[in-house]
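Below is one structure, written out as structure tokens, with a few remarks after it.
The values are calculated or read from the model by the stated rules, or taken from the named source; none is laboratory data. It should be emphasised that the depicted structure is a prediction, and the values quoted were computed from it without experimental measurement. Here Cβ is always computed from backbone atoms with ideal geometry, including for glycine, and neighbour counts include all displayed protein chains. Please note that ligands, DNA and RNA were not included when accessible areas were found on the heavy atoms of the full protein model with its side chains. Shrake-Rupley method; radii C 1.70, N 1.55, O 1.52, S 1.80 Å.
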Amino acid sequence: MGRRILLALSGLAPQVITETLYCLHQQGRMVDEIHIITTLSGKELLLSQLLGEGGGQYFRFCEEYKIDVGKITFTERNIHIPCGENGKPLTDIFTGEDNERLLSLTTELTRTLTAERSNIVYFLIAGGRKTMSSCLTLAVQLYGRRQDRLFHILVSPEFESNPGFWYPPVQEKMMKVKTCDGHFCRKSSSDAELYLIPIPFISLRERFASDLLIAPHPPGTLLTSLVKKEDLRLEIYLENTTLCYGGVELDMHPARLALYTFFCLAAQKQRWFTALELLEHQQEIADLYQQICVGKVFATSDTGILNLNVENFNSYKSKIKRDLLQAFGESAAEILISSRGKRPDTLYGIEINQKRIAIM
């Protein structure tokens with residue numbers, strides 16, 4: 001029989017780990033291995049409060065419920081943190097780039113833990129920021145299997161926010177708690193109610209080609225692989241500043257969308273441009289930008305896309321490429337702004353067949 005593995009999210013309230021372990025124990029689902037995704041700040045709390053030598057709440061829980069900690073793999077090495085561009089662990093998830101790195105870590109760890117067919121993985125989305133929960137839920141939809149389970153945990157409000165409550169102890173004790181109306185009172189730990197809520201998910205794993213499961217791939221690559229190549233349409237919605245490719249949507253910054261839309265219009269006419277020729281169409285690009293920004297704060301900007309030059313163009317092109325690859329993965333190759341020929345006569349355009357482009 002395979003191993004039972006818990007992959008949990010944790011933020012600044014590591015109590016969620018022992019509360020979940022308590023619920024699993026009550027259901028006869030005690031695990032063999034624990035992995036946690038968190039930030040650097042979260043890791044410090046996990047090490048000091050949960051895994052601290054001599055007084056860590058994880059060890060207290062196991063001792064109290066007569067669980068052999070030697071049979072559970074759970075050390076500092078099982079705490080996973082996304083790293084920034086500089087290779088340093090992130091202290092929090094603030095920017096879009098932070099979220100991309102979090103998603104990459106989450107999907108890859110989920111793929112790895114579900115690779116062994118006999119394992120059962122329990123996923124917990126209760127801890128950390130909401131964006132962390134969203135990333136793990138997506139990862140489970142991509143890689144989760146029938147035997148895996150996705151959970152959220154609910155705890156009585158007065159105990160959930162209580163730093164002294166980590167799990168219902170075997171011997172009940174009286175605790176000072178804060179009620180919903182803001183008053184303090186004493187309650188027995190036996191009054192705490194904990195519910196491990198199973199969340200249904202649709203697994204796409206079986207629909208992916210086997211070669212897509214043996215190495216990490218962006219979610220966009222996996223999702224667009226489910227659509228036949230000839231059916232992949234590129235649709236641009238100017239009013240909503242979004243584009244859709246193969247059924248997957250991307251919100252794009254108005255300035256980038258204006259330039260990208262210009263190239264899509266050119267692709268419909270099978271036209272390519274040198275960088276200098278592109279600058280001759282500055283007004284057309286500016287008009288698209290103004291059309292996209294009607295009623296939005298961006299409309300008053302008089303820099304960047306409204307004063308396009310060769311340097312700006314290369315910067316925008318690079319950012320557009322990053323947006324498309326992040327959203328659609330390897331399938332985005334045909335919709336990138338590509339180049340042909342050598343400098344100074346390099347031509348720029350989009351490869352996709354013009355019949356598969358729609359601008360709305």
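Quick one: in region 180-201, which of the residues that are among the charged types (D, E, K, R) and touching a residue at least 12 places away in the same chain (Cβ under 8 Å) is surrounded by the fewest Cβ atoms within 10 Å (Cβ to Cβ)?
Kept after step one, since they are among the charged types (D, E, K, R), are these residues of region 180-201: 181, 186-187, 191, 193.
This time we only want the ones that are touching a residue at least 12 places away in the same chain (Cβ under 8 Å), so: 186-187, 191, 193.
Numbers: Arg186: 8, Lys187: 17, Asp191: 13, Glu193: 11.
Selected residue: Arg186.
I'm told Val177 meets every condition in (1) among the hydrophobic types (A, V, I, L, M, F, W, C); (2) within 30 Å of Glu19 (Cβ to Cβ); (3) at pLDDT 90 or above; (4) buried (at least 19 other Cβ atoms within 10 Å of the Cβ) except one. Can you identify the failing condition by its number?
(3)
Would you check which residues across region 312-346 are open to solvent by 50 Å² or more (accessible area, probe 1.4 Å), of a type in the set (D, E, K, R) and in contact with a helix residue (DSSP H, G or I) (Cβ under 7 Å, 6 or more places away or on another chain) and list them?
Lys319, Glu330
Count, please, the residues in region 140-156 that happen to be assigned to a loop (DSSP other than H, G, I, E, B) and open to solvent by less than 70 Å² (accessible area, probe 1.4 Å).
5
In the set Leu250, Leu234, Leu265, which member is under 18 Å from Ile337 (Cα atoms), within 21 Å of the chain's Cα centre (by Cα) and among the hydrophobic types (A, V, I, L, M, F, W, C)? Talk me through it step by step, then tell me what you get.
Numbers: Leu234 fails: within 21 Å of the chain's Cα centre (by Cα); Leu265 fails: within 21 Å of the chain's Cα centre (by Cα).
Only one candidate passes the filter, namely Leu250.
Between a first residue in region 45-56 that is without any contact (Cβ under 8 Å) to a residue 60 or more places away in the chain and a second residue that is assigned to a helix (DSSP H, G or I) and polar (S, T, N, Q), which pairs have beta carbons less than 8 Å apart while being 6 or more apart in sequence or on different chains?
Taking only residues 6 or more apart or on different chains, the pairs are Gln49/Gln57; Leu50/Thr18; Leu50/Gln57; Gly56/Gln49.
Which one of Thr241, Thr224, Thr261 is in contact with a helix residue (DSSP H, G or I) (Cβ under 7 Å, 6 or more places away or on another chain), modelled with pLDDT of 95 or more and either surrounded by 15 or more Cβ atoms within 10 Å (Cβ to Cβ) or under 28 Å from Ala8 (Cα atoms) (or both)?
Unique residue meeting the criteria: Thr261.
Can you tell me which residue is surrounded by the fewest Cβ atoms within 10 Å (Cβ to Cβ) among those in region 265-278 that are among the charged types (D, E, K, R) and either in contact (Cβ under 8 Å) with a residue 60 or more places away in the chain or touching a Leu at 6+ places or on another chain (Cβ under 7 Å) (or both)? Working first, answer last.
Of region 265-278, the ones among the charged types (D, E, K, R) are 269, 271, 277.
Still in the running and either in contact (Cβ under 8 Å) with a residue 60 or more places away in the chain or touching a Leu at 6+ places or on another chain (Cβ under 7 Å) (or both): 269, 271.
Details: Lys269: 7, Arg271: 14.
Here the residue is Lys269.
Across region 349-360, what is the number of residues that are open to solvent by 30 Å² or more (accessible area, probe 1.4 Å) and under 21 Å from Ser315 (Cβ atoms)? Spell out how you get there, then give the answer.
Step one: filter region 349-360 for residues open to solvent by 30 Å² or more (accessible area, probe 1.4 Å), giving 351, 353-356, 359-360.
Among the residues that remain, those that are also under 21 Å from Ser315 (Cβ atoms) are: none.
Count: 0.
Can you name every residue in region 97-139 that is part of a strand (DSSP E or B) and open to solvent by less than 20 Å² (accessible area, probe 1.4 Å)? Step through it out loud before you land on a result.
Within region 97-139, the subset part of a strand (DSSP E or B) is 120-124.
Matches in region 97-139: Val121, Tyr122, Phe123, Leu124.
List pairs: first in region 71-93 and in contact (Cβ under 8 Å) with a residue 24 or more places away in the chain and of a type outside the set (Asp, Glu), second assigned to a loop (DSSP other than H, G, I, E, B) and open to solvent by 60 Å² or more (accessible area, probe 1.4 Å), Cβ under 9 Å, 6+ apart or cross-chain?
Thr73/Arg3; Ile93/Arg129
In region 24-33, what residues are touching a residue at least 24 places away in the same chain (Cβ under 8 Å) and open to solvent by 10 Å² or more (accessible area, probe 1.4 Å)? Please lay out each step first, then the result.
Narrowing region 24-33 to residues touching a residue at least 24 places away in the same chain (Cβ under 8 Å): 24-25, 27, 29-33.
Of everything in region 24-33, those that are touching a residue at least 24 places away in the same chain (Cβ under 8 Å) and open to solvent by 10 Å² or more (accessible area, probe 1.4 Å) turn out to be His25, Gln27, Arg29, Met30, Asp32, Glu33.
Consider Asp68 carefully, then state whether it is in contact (Cβ under 8 Å) with a residue 24 or more places away in the chain and either open to solvent by 60 Å² or more (accessible area, probe 1.4 Å) or under 30 Å from His217 (Cα atoms) (or both).
On the way: in contact (Cβ under 8 Å) with a residue 24 or more places away in the chain: no; either open to solvent by 60 Å² or more (accessible area, probe 1.4 Å) or under 30 Å from His217 (Cα atoms) (or both): yes.
Spelling it out, it is not the case that Asp68 is in contact (Cβ under 8 Å) with a residue 24 or more places away in the chain and either open to solvent by 60 Å² or more (accessible area, probe 1.4 Å) or under 30 Å from His217 (Cα atoms) (or both).
Can you run down the residue pairs with Cβ atoms below 9 Å, 6 or more apart or on separate chains, where the first is in region 210-222 and within 13 Å of Leu113 (Cα to Cα) and the partner is exposed (fewer than 14 other Cβ atoms within 10 Å of the Cβ) and of a type in the set (S, T, N, Q)?
Once the first residue is within 13 Å of Leu113 (Cα to Cα) and sits in region 210-222, its partners that are exposed (fewer than 14 other Cβ atoms within 10 Å of the Cβ) and of a type in the set (S, T, N, Q) give Pro216/Thr112.
Looking only at region 226-264, how many residues end up being touching a residue at least 40 places away in the same chain (Cβ under 8 Å) and in a helix (DSSP H, G or I)?
Matching residues across region 226-264 total 9.
Looking at the structure I just gave you, is Ser210 within 25 Å of the chain's Cα centre (by Cα) and of a type in the set (Ser, Thr, Tyr)? Before the answer, list the steps.
Values: within 25 Å of the chain's Cα centre (by Cα): yes; of a type in the set (Ser, Thr, Tyr): yes.
Considered against the rule, which asks whether it is within 25 Å of the chain's Cα centre (by Cα) and of a type in the set (Ser, Thr, Tyr), Ser210 comes out as yes.
Out of all the residues in region 34-65, which are open to solvent by less than 20 Å² (accessible area, probe 1.4 Å) and in a helix (DSSP H, G or I)?
Gly42, Leu46, Leu50, Tyr58, Phe61, Cys62
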